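Worksheet for the structure shown next.
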Amino acid sequence: MAETTGISGERLRLYIERIERLEEEKKALSDDIREIYAEAKGGGFDVKVLRHIIRLRKMDTSDRNEMEHILEVYKSALGM
């Protein structure tokens, strides 16, 4: 491939192909995750709660504790 205005067409094509492969892998993983959620839902689990737990598990413990404390303060202020 020719080089146009300092851009290597071959190098650009390789970048694009790598990104396309990763996008395909990302879609496949997303589909797999969706299937697991559907399976869990079929098993009687609440998908919203599962997603929330996964978000919490990703958080640092101190950040999670702080968020839970603030949540309790807010709920208390609202009389919940």
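No value in this document is a laboratory result; all are computed from the given coordinates. What you see is a predicted model; the values in this text were computed from it and never measured. Cβ placement follows ideal geometry from the backbone for every residue including glycine, while neighbour counts extend to all protein chains displayed.
Per-structure values
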read-out: Pairwise label distance in nanometres, SER8 with GLU72, each label 7 Å out on the Cα-Cβ vector; value: 5.9 nm
read-out: Dipole magnitude of the chain about its Cα centre (Cβ charges: Lys, Arg +1; Asp, Glu -1), debye to nearest 20; value: 220 debye
read-out: Residues LYS58 and LEU22, FRET efficiency given R0 of 25 Å [Cβ-Cβ distance, rounded to 0.05]; value: 0.75
read-out: Of the chymotrypsin sites (Phe, Trp or Tyr not before Pro) in the range 1-58, those whose Cβ has at most 16 other Cβ within 10 Å and which sit in DSSP loop; value: PHE45
